[in-house]
Amino acid sequence: MTTQIPHVDHELIEAAADVARTRCRGDNHTMAAAARTRDGRIVTAVNAYHFTGGPCAELVLIGTAAAQGLYELDTVVAVGDRDRGVVPPCGRCRQVLLDYFPALKVIVGEGDRVRTVHITELLPESYVWADHQLDAE
């Protein structure tokens, strides 16, 4: 059973959509992400596609936030270019987001079904990396 969080951060969706509209060009940058920090600031990023792989917008966002000294993200959303709307994080991003921010909220869904869920709901019975590390002495 999914426990929905009532508030959807539409300002955050619009921030990501604006970056997708204005900064995503061609095949190298096709997704934008935005996150709100616990103190209310918004940080944005775009993916860096490359045929060898390349980081998704959510992963670039983690680095961008850290470069700005922002280490406590509260809510994240990804939006596709060409008005594709909200796009859920891929499996790799779900795992990384969970490992970095276990209390993170993620905006998912499309159109009038957009909702906010906890990252743990996107990875039920998930592997939490920190739980399997030996304590350093």
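The values are calculated or read from the model by the stated rules, or taken from the named source; none is laboratory data. What you see is a predicted model, and the numbers here were worked out from it, not measured in a lab. So basically every Cβ, Gly included, is an ideal-geometry build from the backbone, and we count neighbours across all protein chains shown. Only protein heavy atoms, including side chains, enter the accessible area calculation; ligands, DNA and RNA are left aside. Shrake-Rupley method; radii C 1.70, N 1.55, O 1.52, S 1.80 Å.
See the values below:
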item: Conditions (1) without any contact (Cβ under 8 Å) to a residue 24 or more places away in the chain; (2) surrounded by 17 or more Cβ atoms within 10 Å (Cβ to Cβ); (3) touching a strand residue (DSSP E or B) at 6+ places or on another chain (Cβ under 7 Å); number of the one not met by residue 55; result: (3)
item: Qualifying residue in the stretch 18-35 (condition: in contact (Cβ under 8 Å) with a residue 60 or more places away in the chain, open to solvent by less than 40 Å² (accessible area, probe 1.4 Å) and small (Gly, Ala, Ser)); result: yes
item: Whichever residue in the stretch 105-114 is of a type outside the set (Val, Ile, Thr) and out of contact with any Pro (no Cβ under 9 Å at 6 or more places or on another chain) and, among such residues, is least open to solvent (accessible area, probe 1.4 Å); result: 105
item: Condition check for residue 49: under 24 Å from residue 95 (Cβ atoms) and surrounded by 13 or more Cβ atoms within 10 Å (Cβ to Cβ); result: yes
item: Tally of residues being among the hydroxyl-bearing types (Ser, Thr, Tyr) and over 21 Å from residue 68 (Cα atoms) across the stretch 22-46; result: 2
item: Evaluation of residue 69 against (1) under 12 Å from the mean Cα position of the chain (by Cα); (2) open to solvent by less than 50 Å² (accessible area, probe 1.4 Å); (3) not hydrophobic (A, V, I, L, M, F, W, C) (one fails), failing number; result: (1)
item: Subset of the stretch 72-96 that is of a type in the set (Asp, Glu) and surrounded by fewer than 18 Cβ atoms within 10 Å (Cβ to Cβ) - its residue that is farthest from residue 110 (Cα to Cα); result: 72
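One line per residue, one yes/no per condition, for (1) within 28 Å of residue 18 (Cβ to Cβ); (2) of a type in the set (Ser, Thr, Tyr); (3) touching a residue at least 12 places away in the same chain (Cβ under 8 Å):
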{"position": "79", "(1), (2), (3)": "yes, no, yes"}
{"position": "86", "(1), (2), (3)": "yes, no, yes"}
{"position": "91", "(1), (2), (3)": "yes, no, no"}
{"position": "97", "(1), (2), (3)": "yes, no, yes"}
{"position": "107", "(1), (2), (3)": "yes, no, yes"}
{"position": "111", "(1), (2), (3)": "yes, no, yes"}
{"position": "118", "(1), (2), (3)": "yes, no, yes"}
{"position": "122", "(1), (2), (3)": "yes, no, yes"}
{"position": "130", "(1), (2), (3)": "no, no, yes"}
